[in-house]
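Undergrad: Submitted below is the structure of interest, expressed as structure tokens.
Nothing in this text is a laboratory measurement; each read-out follows from the coordinates by a stated rule. None of the values given here were measured: they were computed from a predicted structure. Neighbour counts run over all protein chains shown; Cβ positions are idealised from the backbone, glycine included.
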Amino acid sequence: MQAQVKTVTTSDQQSLCVKTWGDEKKTPLVLVHGYPDNQEVWEPIIEQLVDDYYVVTYDVRGAGLSSIPKRIKDYRLPRLSLDLQEVVDEVLPNRNFHMAAHDWGSLQSWESATEPKLKGRLLSYTTISGPCLDHASLYLREKFKSAPSNVLKMLTKSWYIGAFHLPLVAPTVWTFFSPEKWGKILSGLEKKQNLPLNANIVSDGKYGINLYRANFIPSLTQPRQRYAQCPVQAIVLKRDAFVSPEYITESMPKWVENFEYVELDANHWAVLSQPTKIAELIRHFVKRQTV
């Protein structure tokens, strides 16, 4: 399976490593990775989809072979959405596309899925383990009025977000990891051995923290009302150790006119532990939107 590799220079002069897979005449599908991953996390799924789609992946700024911004504010959601737009403008000029994303990739891709400028061009969005931060904040505010204990329980799953805001400590922790050590953690979570290793885990972990630092406090304190501009499928991971399903199953329907979700018996990194199933769910949803 061979990819074509190119560099896209953004309007703020960052370099994004972009890969395209398969026949460019086929339906375009953009895949956006999460944290602390890079675009290689999608390769087991791409193997399942490349015969049917023209697949586009890219390393999010600060990850993989893309450049690393110096300022935290350069990781803000509107800028990340603009990155996606500039990638597709470069490799899919004047073409519509479908999108799927995982983890932080899902969080940032909600910015694009709710962006009016992409209405009609973004044909569908599959989100895996990643709610919209604005939707989540508004949901927590409403839920706290009626069931504060449930909100506190949900927030305990997100303990790591607070840790990521600790100066020096959080980035330094990643220097103690290796691909093998991180691989053992993933294997323990997913109950599956020999998962693909991330050779760039130290850098991806260290610099990707800025995604959280740039966005969580603004989204939680000043949430926006943002409506999806395309059909959305949510893949809800029933054993997800980091994201509560309620963020998706209870908060999304208000903001998505054409919404559906499917549950999968998996933990957070189902993209690695169950790539065939994830690919199947993406394929079926995309097909239903193109009929």
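Undergrad: Whole Å is fine, so just give me how far the alpha carbon centre of the stretch 1-62 lies from that of the stretch 206-222.
TA: Answer, in whole Å: 24.
Undergrad: Sort the stretch 174-288 into rounded, prolate or oblate with this rule: let a ≥ b ≥ c be the square roots of the eigenvalues of the Cα gyration tensor; rounded if a/c is under 1.5, and if a/c is not under 1.5, prolate when a/b is larger than b/c, oblate otherwise.
TA: On the way: a/c = 2.26, a/b = 1.28, b/c = 1.77.
Oblate, because a/c is 1.5 or more while a/b does not exceed b/c.
Undergrad: Got a sec? How would THR27, THR7, THR114, THR221 order by Cβ neighbour count within 10 Å, fewest to most? Walk me through the numbers before you get to the answer.
TA: On the way: THR27 18, THR7 13, THR114 25, THR221 8.
If I rank by nearby Cβ atoms, fewest first, I get THR221, THR7, THR27, THR114.
Undergrad: Compute the whole-percent fraction of alpha carbon pairs in the stretch 3-290 spaced more than 25 Å apart. Write out the running numbers ahead of the final one.
TA: Values: 17909 of 41328 pairs.
Beyond 25 Å sits 43 percent of the P(r) for the stretch 3-290.
Undergrad: Then there is this: In whole Hz, with x marking every Gly and Pro, tabulate ³J(HN,Hα) for the stretch 189-203 from phi via Karplus 6.51 cos²θ - 1.76 cosθ + 1.60, θ = phi - 60°.
TA: For the stretch 189-203, the Karplus curve yields 5, 8, 6, 8, 8, 6, 6, x, 8, 9, 5, 9, 4, 4, 5 Hz.
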